[in-house]
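A.B. asks: Let me begin by handing over the structure; questions about it come next.
The values are calculated or read from the model by the stated rules, or taken from the named source; none is laboratory data. Since we're looking at a predicted model, the values are computed, not measured. Please note: Cβ atoms are built from the backbone with ideal geometry, for glycine as well, and neighbour counts cover all protein chains shown. Heads up: the accessible areas ignore ligands, DNA and RNA and are worked out on the full protein's heavy atoms, side chains in. Shrake-Rupley method; radii C 1.70, N 1.55, O 1.52, S 1.80 Å.
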Amino acid sequence: MLVSYPGPWTPFFGRLDAQQIPLQNPILFWTFVLVSLGGVAVLAAITYLRAWGSLWREWLTSVDHKKIGVMYCLLGIVMLFRGFIDGVMMRTQQAMAVGPRSPGYMGALHGYLPPYHFGQIYSAHGTIMILFAITPILVGLMNIIVPLQIGARDMAYPYLNAVSFWLTAAATGLVMISLFVGDFSHAGWVGLSPLTELAYSPGVGVDYWSWAVQIGSIATTLASINIIVTIIKMRAPGMTWTKMPIFCWTALSTSVVGLSSFPVFTAAVALLSLDRYAGTHFFTPGLGGNLMLYTDLFWIWGHPEVYYVILPAFGILSEIIPTFSEKPLFGYITMAVASIAIGGVSWSVWLHHFFTMGAGPGVNAFFSIASMLVGIPTGVKVFNWAFTLYRGRVRFDVPMLWALAALVLLLIGGLTGMMLAMPAINYTVHNSVFVVAHFHTMLNVVGFACFGAINYWFPKVFGFRLDERTGKRAFWFFSAGTFVLFGSMYALGFMGMPRRIDYIPFPSWRPLLIAEEVGIVLFVIASYYMIKQLVVSIRDRVQNRVTSSDVWGTARSLEWLTHSPVPFYNFAVQPHINARDEWAWRREHGRGAESPEHYEDIHLPINTPLPLILGAWTFALGFSLVWRMYWLAALSLIAIVVLVIARSFQDDPGHTVPGARIREIEASYRNGLEPAGAAGDGAGGPVAYPGAVASRPQDNVPARP
Amino acid sequence: MAWRNGHAVRVLRFAWLPLLDGCSQKGYWLLHPKGVIARTEWHTTVLDVVVMGVVVLVAGGLVVAFLWRYRAGNTLRRYDPTFTASLVLEILVWGVPLLVVGYLSYFSVKSVFATNPYDPLSLRHALVRPHQADQGLAHRASPARARTTVPGAQEAQPLHVEVVTTDWQWVFIYPQQGIATVDDLVVPVGARVKFDLTSATVVNDFFIPELVGEIDIMPGMRTKQAMIANDTGVYHGYSDDFSGGGFSWMGFDVRVTDHAEFRKWVRRVRAAPDVLSYARFGQIARPTINVAQRVSYFSQVQKGLFDHVIERVMAGKVYRTPLAMTENMTKPMKVRLIP
Ligand code: HEM
Ligand SMILES: [Cu+2]
């Protein structure tokens, strides 16, 4: 064996044995019970509703960008919830374990979580929130909205899109199963080096982390490629670069950032895995290894990654604010330039995450200035949004509330970001909860934008509105929670409180920790209202049906031209673009969507279970590598390679939906009915359309500029 | 600290400090620096917050004002959807952030040099002009406590302390005095203290909020830090970078004493029976959670121990963390707790 680690190893099960299922821990036991009950209930419900067939045909095997987008969002929201529970647990531990006299429960010296459990929770929280919650939600939103905004039938590579999704799902699965089989990493979402080395983390936790993020980052790289190509190649005729909605600009910028930075992370984690599996010394302290190399590589990805998540959020704000101000976006060109500039500068600032490593003042000064430069385009954006409101007619619908609060948070996060970017300040707050408060302010900008986006585009995708009353309550509680929790956290930063401590040695920190706990209670209430909002909206979906294509009445971009819910073919007729805000232009010129005499046949890709199968094998690969079941790893790797090669030989003829069928669907939309099978039923699947004929792709090329 | 427009900073302070002072005097360590470096860092913070605060308030104010004025219900206000571009505003929205960032960059560079852990200029200034060094915020804020000089700051020979972190304790070596301690750092007030730092295992971060900002401590490498403490007292130091199960307990007290007392303390440590050899260090470096911050003293230190630790780590020496002390959930943690 190349490396040594404690514990037994058998050829068949690797490091896995029955003891690795930590059911003696009451927290994990009850989580396990709850998750199992929930899982059984869901499976039973699907069976009861006889939904397996349609679930399989319409969702699991779908290559439709809207369905994949919805699945991405669902995955992200589920993980958001998981990450949130982690957050509640951490806050509770920190509120309890204050001072040497605080009591301990369940094996902990203080509080209820021993250090090794607390370490896993915050590592899982960070990894999940950034990579498996926010990122999937954003990729999902881009998936749904980008093709609609540029008037395309689908993404450039529908099959690749499904592969990205299922790889993300596989990675998420790995994180989730680490709850019940073995342990998760304790070395933070950043994978603190050399703590991640086998000598200091001999368990399987770091392996779970590394394979999950590895698979997840490959998936995101693929998604970035897809979005870039889609935006460059698939814009509707007439949509020049300067007529493209800002959300697409940010999606483009973010995907370029993603494509160029995620591979660095992949490489860094691969080298770390070599250290852990093959006994190399890339990042070890001794024998020629360089642990700061890991830190460098990580942040060369890590910083762009945080911009990867903020840019689409900026795009979302740039869509919501004009709609509810009844005005076009102020300074469109500036906004587009700023989006690209933020992406560009994000490349040259990574060292600000370790100003304290003892680099010379010249190095720190350079990266300090570079970091502050990011503030310029960000400031420009804020001013432009402000001037969008100027002389507008501002309505405070739920999406707008989220967007405006995001703006406020952005200002606060920008201020603290500019503080952190000064090394002399950074020395006093680096690795303290001040940093945690900074990036939670910023990531809450993203979160708020996502909630805004969900409220904003939900009617477009599902054809009915989300309930307004509960939505507003959720908003107010969430905002209050954010300000109470992170306000206290900033103050604790000035007290010098380090991040990631499971025991609080100084009782003077207690009052603010209790305030944070109050904040988390507000979040709990907010999530109750969020769930209620969804339940109420689904219950009242018939009253909340959307009959027009534009629910808000003042939306501006192309996605509001087509029906709600969007039919599987997106646009019955390829739209031609006349103006920057195409839908607003058409509304003002009294023109809706074209309704021609004769509908063309529409050609669409065929559904395929292959991405799901690839995802399943990838999960098996990750799981077997974690437990060092090398036979299974080899088998899964071979299966993946064979499947990928086999697929490349397979012709995807696509299928054609005849014009007559399109006419039927369009007619029923116009009669105010939700047409059977337009949004759902086997969209994209040849089975669902008896009249559909398989044809060669070149017969009827999907819309291209 | 010698800002050229230190006066402006001092004036601006009045706008800002009462806010935080109002909250609580106790516990906000960064707001009440007791060391030259920490004070420079706090000055920089105040300046940055004031400048950025103005920008943020203007931007936020604009948003709020526009929201109020142009709310849909307010039909008296002009509605003009064609107002989507304006050269003057464009120049302003790019120009103002540019100027602000330019201004802050200048200060950032200055303060980087002032607090550079390897050779902090603010210490030099403090040594050259002790009377000015004290005109910082904290002392001006409470004239009653003001002391015009940093006592002993003229001292030529700085005190040298070598810091080695283990899992999860601090070893402080005083090579000039030939003594060492675990988890006890004592320095004389007003004296320049130079630290050399390394780790035997994973990365830690050396931080004494009231005295000096952070510097990473990395295995197989040497980093440096320097400080002057202005006031006698007991301060808290701890690791600020997660290093495993015992991280939360990785604290130590920093006792800043007058010179006589420091000498007395050195004599006491010299009387300790224990001696710090490399072998003894190996015992200390075994993963230990020093829950009660129990200190140990060593009357002698093997010569070159600090360098030896670095060299051994570079040559591949690792102090493994046992499975039961990492993220292992199945077997309860067996920790060497020092009661
Ligand atoms: C005005 C722009 C910004 C500046 C100048 C800035 C500056 C910084 C600096 C200097 C740090 C390092 C702090 C430290 O560890 O000592 C940091 C950390 C961080 N920032 Fe920002 N930031 C900005 C915007 C953002 C945005 C938009 C996001 C993402 C949504 C973000 C997310 C983060 C995260 C996640 C971390 C810390 C990660 C970690 O250590 O775990 N920041 N920021
Ligand atoms: Cu960054």
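A.B. asks: Could you rank B:195, A:477 by how accessible they are, 1.4 Å probe, largest area first?
C.D. replies: Reading off the accessible areas and sorting them downward yields A:477, B:195.
A.B. asks: Please list, by residue number, everything in segment B:170-213 whose backbone N is under 12 Å from a paramagnetic label point 7 Å out along Cα→Cβ of residue B:222.
C.D. replies: B:195-198
A.B. asks: Pulled fully out, how much extra length does the chain show between residue A:476 and residue A:78, if you take 0.36 nm times their separation in residues and subtract their Cα-Cα distance?
C.D. replies: 141.1 nm
A.B. asks: Sticking with this structure for a sec: Calculate the mean, over all residues of peptide B:95-107, of how many other protein chain Cβ atoms lie within 10 angstrom of the residue's Cβ.
C.D. replies: Per residue, the number of nearby Cβ atoms from other chains is 5 on average.
A.B. asks: Can you give the FRET efficiency for residue B:71 and residue A:347, using 1/(1 + (r/R0)^6), R0 = 30 Å, r = Cβ-Cβ distance, to the nearest 0.05?
C.D. replies: Step by step, r from the Cβ atoms, then E = 0.15.
A.B. asks: Between residue A:648 and residue A:663, what is 0.36 nm times their sequence separation minus the Cα-Cα distance? Round to one decimal in nm.
C.D. replies: 1.9 nm
A.B. asks: Let me ask another. Take every Cα pair under 8 Å in chain A that's 6+ residues apart, average their separations, divide by the length, and report that relative contact order as a whole percent.
C.D. replies: On the way: 1187 pairs, mean separation 123.5, N = 705.
Computed value for chain A: 18 percent relative contact order.
A.B. asks: Using the Cβ atoms and a cut-off under 13 Å, what net charge is assigned to the surroundings of residue A:199, where Lys and Arg are +1 and Asp and Glu are -1?
C.D. replies: 0
A.B. asks: Give the lysines whose C-alpha is closer than 25 Å to that of residue B:224, dropping any in the same chain fewer than 8 places away, or say none.
C.D. replies: B:34, B:110, B:194, B:303, B:317
A.B. asks: What are the membrane-span-like helices in chain A by this rule: whole DSSP H runs, Cα extent along the axis at least 30 Å, mean Kyte-Doolittle hydropathy at least 1.0? Intermediate values should be presented prior to the final figure.
C.D. replies: Numbers: long enough: A:26-48 (32 Å, 1.97); A:65-96 (46 Å, 0.71); A:205-233 (42 Å, 1.05); A:246-278 (46 Å, 1.27); A:291-325 (51 Å, 0.97); A:361-389 (43 Å, 1.13); A:398-420 (32 Å, 2.17); A:433-462 (40 Å, 1.25); A:468-494 (39 Å, 0.47); A:510-539 (43 Å, 1.25).
Result, helices passing both filters: A:26-48, A:205-233, A:246-278, A:361-389, A:398-420, A:433-462, A:510-539.
A.B. asks: Now a separate question. Which value, in Å² rounded to 10, gives the accessible area of residue A:669 with a 1.4 Å probe and all protein chains present?
C.D. replies: Approximately 30 Å² for this residue.
A.B. asks: Sticking with this one: Provide A:369, A:531 ordered by accessible surface of protein heavy atoms (probe 1.4 Å), highest first.
C.D. replies: In descending accessible area the options line up as A:531, A:369.
A.B. asks: Where in segment A:356-373 does the label zone of residue B:98 land, with the point 7 angstrom along Cα→C-beta and an amide N cut-off under 15 Å?
C.D. replies: Once the point is set 7 Å along Cα→Cβ of residue B:98, A:373 turn out to lie under 15 Å by backbone N, inside segment A:356-373.
A.B. asks: May I pose another question? Among A:305, B:311, what's the order by accessible area (1.4 angstrom probe), most exposed first?
C.D. replies: Heavy-atom accessible area, descending, gives B:311, A:305.
A.B. asks: A further question on this structure: With a 1.4 Å probe and every protein chain left in place, tell me how much accessible area residue A:585 has, in Å² to the nearest 10.
C.D. replies: Looks like 60 Å² after rounding.
A.B. asks: Here's something else I'd like to know. Quick one: grab the alpha carbon gyration tensor of segment A:1-158, order the square roots of its eigenvalues as a ≥ b ≥ c, and give me rounded if a/c is under 1.5, else prolate or oblate depending on whether a/b is larger than b/c.
C.D. replies: Because a/c hits 1.5 or more and a/b exceeds b/c, segment A:1-158 counts as prolate.
A.B. asks: Moving on. Could you give the Stokes-Einstein D for the protein assembly as shown in µm² per second, using the C-alpha Kirkwood radius, 4 °C, 1.567 mPa s?
C.D. replies: Values: Rh = 30.4 Å.
Translational D for this selection: 43 µm²/s.
A.B. asks: FRET efficiency for residue A:35 and residue A:514, Cβ-Cβ distance as r, R0 = 30 Å, nearest 0.05?
C.D. replies: Numbers: r = 30 Å, r/R0 = 1.00.
Here the calculated transfer efficiency is 0.50.
A.B. asks: Take the Cα of residue A:635, step 7 Å along the line toward its Cβ, and report every residue of segment A:1-35 whose backbone nitrogen sits under 13 Å from that point.
C.D. replies: Flagged as within label range: A:12-14.
A.B. asks: Also, I was wondering about something else. Under a straight-distance cross-link criterion of Cα-Cα below 17 Å, which lysines are reachable from residue A:327, leaving out those fewer than 8 residues away in the same chain?
C.D. replies: Correct list for residue A:327: A:243, A:381.
A.B. asks: What net charge is computed for the residues neighbouring residue A:350, neighbours being all others with C-beta under 15 Å from the C-beta of residue A:350, Lys and Arg scored +1, Asp and Glu -1? Mind showing how you got there, number by number?
C.D. replies: On the way: positive: none; negative: A:296, A:305.
Surrounding charge for residue A:350 is -2.
A.B. asks: As a test question: what accessible area, to the nearest 10 Å², does residue A:663 have when a 1.4 Å probe is rolled over all protein chains in place?
C.D. replies: Estimated to the nearest 10 Å², residue A:663 gives 110 Å².
A.B. asks: While we're here: What full-extension length gain, to one decimal in nm, is calculated for residue A:42 and residue A:576 as 0.36 nm per residue of separation minus the Cα-Cα distance? Write out the running numbers ahead of the final one.
C.D. replies: Numbers: separation 534, 0.36 × 534 = 192.24 nm, distance 4.40 nm.
My answer for the length gained is 187.8 nm.
A.B. asks: With Cβ to Cβ distances under 12 Å as the rule, what net charge do the other residues near residue A:149 carry (K, R +1; D, E -1)? Intermediate results must be reported in sequence, preceding the final value.
C.D. replies: Numbers: positive: A:235, A:243, A:460, A:556, A:580; negative: A:319, A:559, A:581, A:582.
Around residue A:149, the surrounding residues sum to +1.
A.B. asks: Same structure, new question: Over the alpha-carbon set of segment A:311-560, divide Rg by the Kirkwood Rh and report the Rg/Rh ratio to two decimals.
C.D. replies: Numbers: Rg = 20.2 Å, Rh = 19.8 Å.
Across segment A:311-560, the Cα-based Rg/Rh ratio is 1.02.
A.B. asks: What number, rounded to the nearest 500 deg cm²/dmol, is the helix-based mean residue ellipticity at 222 nm of the protein assembly as shown, given -39500 (n - 2.57) per DSSP H run of at least four residues and division by all its residues?
C.D. replies: -18000 deg cm²/dmol
A.B. asks: In addition: Counting only DSSP beta bridges with both residues in the protein assembly as shown, what percent are antiparallel, rounded to the nearest 5?
C.D. replies: Working: 38 of 57 bridges.
About 65 percent, rounded to the nearest 5.
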